[in-house]
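Here's the structure, in structure tokens; my notes come after.
What follows is calculated from the coordinates using simple rules that are stated; it is not laboratory data. Computed from a predicted model, the values in this text were never measured in an experiment. Cβ placement follows ideal geometry from the backbone for every residue including glycine, while neighbour counts extend to all protein chains displayed.
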Amino acid sequence: MFKRILVPTDGSAMSRRAIALAVRLAKEQDARVTGLWVGPAWEPNLYAYDKDVPPGFISPKQHAAHVKKLADRYLAPVRAAAAAARVPSDCVTVEGAFPYLEIVNSARRKHCDLIVMASHGRRGISRLLLGSVANKVLAHAGIPVLICR
């Protein structure tokens, strides 16, 4: 039924549960798993164009190295779980300010037919203020989304 499963991760325990489920489903369906981590986009410091570079400013090259290091750490559980289950896999890192949009776009680019992701289960005012990446993915994906709580 499913041939390509996208599993976004943020490194949390909930994401690791979603990874385990995605790999199990992929094994049962003879599918491929694609791990995804959305890193923060590099934003130039507004003062960078001044004659003095402010303290804490990092270059795009430094930012890219930092994102790669984090991506390797966050995507390692996807690689390990897929390898242990002998499920074909690949991992993708993208940068963006809106994780839900990067997840939806990555699913389209990779021709995924299922997204398996965690929900942190925020409720009340924190959900209103912070929003829910899972809710936004559900609203915009156009393919089935399996939410792990």
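Details
- Remark: spin-label model distance His140-Ile58 equals 2.5 nm, labels positioned 7 Å along the Cα→Cβ axis.
- Label point distance in nm, Arg17-Phe98, each placed 7 Å from Cα along Cα→Cβ: 2.8 nm
- Across segment 62-72, coupling constants 3J(HN,Hα) worked out from phi with the 6.51/-1.76/1.60 Karplus curve, θ = phi - 60°, read 5, 4, 4, 5, 5, 4, 4, 4, 5, 4, 4 Hz, and Gly and Pro carry x.
- Candidate lysines for bridging to Lys110, where Cα separation is under 24 Å - those fewer than 8 sequence places away on the same chain excluded: Lys3, Lys27, Lys68, Lys69, Lys136
- Calculated FRET value between Ala76 and Glu28, using beta carbons and R₀ = 35 Å, to 0.05: 0.90
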